[in-house]
Amino acid sequence: MHLPAAYGAHPAPRTEAFYRPLSGLTPKWQVIAGIAAAADPAGGVESLRLFEAAAGRNAYAVATACGLGRHTTDEAEQAVRAMAAAADA
C-alpha cells in the first residue's frame, strides 16, 4: 500500500507525531513510504527513518507522495535520485 506522507511540492514532515498513526497498520500490509521529495533528498532519509520506526517495519519501497506526473523531466530525475538516496540510507 502506497502511503503518501508529503503534501504536493512540500517535503514529508520530520516529526515523530506525524508518523505515529502508522503504528496501527495491519502487519500483513507491505507499505510503500511516499516520503521522497526532489527539493529535499536529505530530508527523505530522516522521514523514512521516522516512517519505518512508527510503522514497526521496513518500508517495502520508497516513492514520492504522488508519483512523477506533475514533475518536469528535471524534477522527476531529482525525485528519483531522492527516492534512491532514502532507500540506500
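The values are calculated or read from the model by the stated rules, or taken from the named source; none is laboratory data. Keep in mind that what you see is a predicted model, and the values were worked out from it rather than measured. Positions of Cβ are backbone-derived with ideal geometry, glycine not excepted, and every protein chain shown enters the neighbour counts. We work out accessible area using only protein heavy atoms, side chains counted, and drop any ligands, DNA or RNA first. Shrake-Rupley method; radii C 1.70, N 1.55, O 1.52, S 1.80 Å.
Could you tell me which residue of segment 43-70 is modelled with the lowest pLDDT, considering only residues that are part of a loop (DSSP other than H, G, I, E, B) and touching a strand residue (DSSP E or B) at 6+ places or on another chain (Cβ under 8 Å)?
To start, the set of residues in segment 43-70 that are part of a loop (DSSP other than H, G, I, E, B) comprises 56-60, 65-70.
Retained after the next criterion (residues that are touching a strand residue (DSSP E or B) at 6+ places or on another chain (Cβ under 8 Å)): 59-60, 65-66.
Values: Ala59: 96, Tyr60: 95, Ala65: 84, Cys66: 80.
Going through the qualifying residues, I end up with Cys66.
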Would you be able to say whether some residue in segment 6-16 is of a type in the set (D, E, K, R) and either in a helix (DSSP H, G or I) or touching a His at 6+ places or on another chain (Cβ under 9 Å) (or both)?
yes
Kindly indicate whether Leu68 is surrounded by fewer than 18 Cβ atoms within 10 Å (Cβ to Cβ), in contact (Cβ under 8 Å) with a residue 12 or more places away in the chain and closer than 14 Å to Ala6 by Cβ.
yes
Looking only at segment 1-39, filter to residues that are over 16 Å from Ala65 (Cβ atoms) and of a type in the set (Gly, Ala, Ser); which one of those is farthest from the chain's Cα centre (by Cα)?
Gly24
State which residue is least open to solvent (accessible area, probe 1.4 Å) when the search covers only segment 16-56 and only residues that are of a type in the set (S, T, N, Q) and under 23 Å from Val80 (Cα atoms).
Ser47
